[in-house]
Structures are given as C-alpha cells and as structure tokens.
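Asks: This is the structure I have questions about; it appears just below.
Each value in this text was obtained by applying a stated rule to the coordinates, not by laboratory testing. This one's a predicted model, so the numbers in the text were calculated from it and none came from an experiment. No Cβ is skipped: glycine too gets one built from the backbone with ideal geometry, and neighbour counts run over all protein chains shown.
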C-alpha cells in the first residue's frame, strides 16, 4: 500500500503499474538529474540553455567542431564519473522482477546500463563511444579524451558548467588553436555516437522501438517533456494501439493530452513505491 502522504493520484499510478506486467519505459533527462546531470528544459518545456550544435554545423564547420570538442573535453570528466541514482537502480530491480519488457532512454549518459538494466535502447546514442563518419570505425570515448589532452595541454584542465549532453558551458575562451584528432584509420571526422539535433535516429533502432511497443502492455514515461519528436512519436504510437500511457514528469509534456494519468511527483518516489509493492 502506498503511504497516504503521497496522495490519491500516486496511489492510482501505482495501482495502474501493478495491474500489468509488460511495461515499456521511456526515460528523459529528468531521470538523470539526481545524478547531477542537468536537464535541457524548464517546467514549461522551454530551453534553459542555448541549443547545442546541430549535425549540419558539426559536419560543415571546422570551427564548430573545435568549439564542440573543447566543451566536450571539459564535460567528459564529469560524465565519465557520473553514477546511477535511485531511479536508475529501482528500474534495474523492477526489470529483474519481469515487470519491464524494455527501457528506451533519450539520455546519452549510459547510467541505466551502469545501474544494471539490460534491455535498453539508447534512442539518441551514447557519449562513451566515438565513431568515424567516413570508415565507420568506433573508439572508446576515453581514448579520444587522452588524445585531446595530449594535443591541447593548455586547454585540458579548463572547467565549465556541465550541460546535459556531456558538454560544458565554455564560451569565453579562444579555442582557435584547438587541435582535434582525426580517425587513425582513414583520417575522417570523428563524432560521438550521439544523435545531434538535426540528425536522424538509425532505422534499425526505430524498428526495434516499434517492436517493443507491440510487445508491451503500456508505456511509462519518466522525466521527459517529450518536446523532442522521437519521444513524442512513441507516445502517439502507444495511444494509437489503445494502450495506457502513464507520465511522471515535473512540468508539462507534449503528450499530456493523451496520457491515461499524469503526476508531477518525482520519478524516484514513484519507482520506489512500485518497487516496494512488488517486493513486499
């Protein structure tokens, strides 16, 4: 039984979660916020920072790539040390109880896997892997970090405000001399295996998402405003199949109008109550 202090709405959410055992879960930046990773948007869904570099800017502009890798070099030190919070851990435990068929995350931090979740679709990729845009070879992000520090010793210790995508807010530094590594195999452009704004999600991943929607009994959204269409599209398809949608998010979301129930309670509170009801 959910403690009365949490209220009738939370009790309703938990009762709905307990009524089915094949939940598809979609997580956004709000889930990683308790690990210190900031969110992109405020409670109204508006940007809290300048939009990040687009795919087109990164490809076409060497200056944009210099700026990106300087900011990413500073941000990686934090992202590589970020640790899963209680929401990540509860989700991993609930998966082990066979209540979650799959977890789709819009986050790129890899914290769900570090917490022990195994059925994860990284919708927008992962910051801990870098790929060559020419030969498609992949490299561990730490390997690229070592090269960035080697090539740019004067800039390697610069710090800045951490941003959601693994960047740091650094705009008042001359980075015109920033040297960025090329692919060691073909000399091509290196880019994190992350879907930038203006980029497309790979088709095989979209097919995987569609298959998981078919296999699920409903969708639980945690910590996402769903402003980005990739997440909203999942909600639309779940609604089209007449399956329930539970949204847990502080602030408005793009899919509030099609949600079966919506609460602004913290994700960790809902997940703890769900977890405890399953275990006890």
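Asks: Of 109, 199, 256, which has the largest mean-square fluctuation in a 10 Å C-alpha GNM of the chain?
Replies: Maximum among the listed residues: 199.
Asks: Note the full-extension length gain between residue 257 and residue 156 as 0.36 nm times their separation in residues minus their Cα-Cα distance, in nm to one decimal.
Replies: Full extension of this stretch gives 31.7 nm more.
Asks: For the stretch 251-273 and the stretch 111-132, what is the separation of their C-alpha centers, rounded to whole Å?
Replies: Answer, in whole Å: 23.
Asks: Be a star and scan the stretch 216-258 for residues whose amide nitrogen sits under 11 Å from the point 7 Å along the Cα-to-Cβ vector of residue 19.
Replies: Of the residues in the stretch 216-258, 244-245 have backbone N under 11 Å from the label point off residue 19.
Asks: Share of antiparallel DSSP beta bridges in the stretch 155-280, in percent to the nearest 5?
Replies: Here the share of antiparallel DSSP bridges comes out near 20 percent.
Asks: When the chain is modelled as a GNM with alpha-carbon springs shorter than 10 Å, which of 187, 30, 231 fluctuates the most?
Replies: 187
Asks: Work out the FRET efficiency for residue 211 and residue 276 from their Cβ-Cβ distance, taking R0 = 35 Å, and round it to the nearest 0.05.
Replies: In this case the efficiency is close to 0.70.
Asks: For the chain, what is the calculated [θ] at 222 nm in deg cm²/dmol (nearest 500), taking -39500 (n - 2.57) for each run of four or more DSSP H residues and dividing by its residue count?
Replies: Theoretical 222 nm ellipticity from helices: -11000 deg cm²/dmol.
Asks: What nm value, rounded to one decimal, do you get for the distance between residue 134 and residue 9 when each label is placed 7 Å out toward the C-beta?
Replies: Placing both labels 7 Å along Cα→Cβ, they lie 5.4 nm apart.
Asks: Nearest 5 percent is fine: what portion of the DSSP beta bridges confined to the chain is antiparallel?
Replies: Bridges in the chain are about 30 percent antiparallel.
Asks: With a cut-off of 8 Å between alpha carbons and a minimum separation of six or more residues, what is the relative contact order of the chain in percent?
Replies: With pairs under 8 Å counted, the relative contact order is 27 percent.
Asks: Comparing 110, 36, 28, which has the greatest mean-square fluctuation in the GNM of the chain with Cα pairs linked when under 10 Å apart?
Replies: Of the options given, 36 has the highest mean-square fluctuation.
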